[in-house]
1. Of the residues V42, V53, V34, V29, only one is under 21 Å from R65 (Cα atoms), β-branched (V, I, T) and modelled with pLDDT under 85; which?
2. Does any residue in segment 31-43 that is surrounded by 14 or more Cβ atoms within 10 Å (Cβ to Cβ) come within less than 8 Å, Cβ to Cβ, of a residue that is in a loop (DSSP other than H, G, I, E, B) and among the aromatic types (F, W, Y) six or more places away or on a different chain, and which pairs are these?
3. Could you grab me the full set of residues in segment 35-79 that are more than 18 Å from N8 (Cβ to Cβ) and small (G, A, S)?
Amino acid sequence: MNKSVEFNPASHPGLEWSVASYSHLDDKVECFAVADAGNGLVVLANINNDGAVITGTPGELRKLRDAFAAGQYDHLIGA
């Protein structure tokens with residue numbers, strides 16, 4: 001489940017951003033926001049640094065998700 005969030009990075013104005021429902025800690029959002037760029041691309045941004053924005057295709061983001069799920073980046077996230 002995801003939740004809409006107010007987020008307006010200058011590089012991607014006017015998009016509808018959402019975050020994972022479990023990303024709220026003490027009423028502060030600490031996570032990445034995701035938006036549909038409307039042109040076949042998905043935008044992923046650090047909610048606490050609006051300059052940190054990544055744009056990719058759904059397929060590219062699925063590969064990234066799968067790599068995280070497979071544990072390929074556990075050494076980076078302290079898992």
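The values are calculated or read from the model by the stated rules, or taken from the named source; none is laboratory data. Just so we're clear, the structure is a prediction, and the values are computed from it rather than from any experiment. Here the Cβ is made from the backbone with ideal geometry for all residues, glycine too, and neighbour counts use every protein chain on show.
1. Among V42, V53, V34, V29, only V29 is under 21 Å from R65 (Cα atoms), β-branched (V, I, T) and modelled with pLDDT under 85.
2. Short answer, once both residue conditions are applied: A33/F7.
3. The answer is G40, G56, G59, A67, A69, A70, G71, G78, A79.
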